[in-house]
Amino acid sequence: MPDFDKLMEEWPQAIEQVLREIPFPGPELDVSVADYVRLIACMLDIPIHSTKNNKGLIEAMHVIFTLYSDFKQNQHFIKKEEFVYQNE
């Protein structure tokens, strides 16, 4: 499992700007759920280990959802999001 503290670090401003301009792929992408998980995990630098019964994909999804939950509850990111919305 990757280090959550490292995943929670703020990205460089240049990467954040690119993500504003080119968002993560949405549901319109015509790929399987497994391939979509691989794509998002790769973008977030979350490893997927080769295991039987796709356990590695399940672990990666767990990390993705845990990371999302941590971001939504993190006061630093809540304040930053509020600041961005107020200045738009």
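The values are calculated or read from the model by the stated rules, or taken from the named source; none is laboratory data. Since the structure is predicted, the reported quantities are computational estimates derived from the model, not experimental observations. Ligands, DNA and RNA are excluded from the accessible area calculation, which covers all protein heavy atoms including side chains. Shrake-Rupley method; radii C 1.70, N 1.55, O 1.52, S 1.80 Å.
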The correct count of residues that are at pLDDT 80 or above and among the hydrophobic types (A, V, I, L, M, F, W, C) in segment 62-88 is 4
Just to be sure, is ILE58 under 22 Å from GLY26 (Cα atoms), among the β-branched types (Val, Ile, Thr), open to solvent by 60 Å² or more (accessible area, probe 1.4 Å) and modelled with pLDDT of 85 or more?
yes
Any residue at all in segment 40-50 that's open to solvent by less than 60 Å² (accessible area, probe 1.4 Å), assigned to a helix (DSSP H, G or I) and hydrophobic (A, V, I, L, M, F, W, C)?
yes
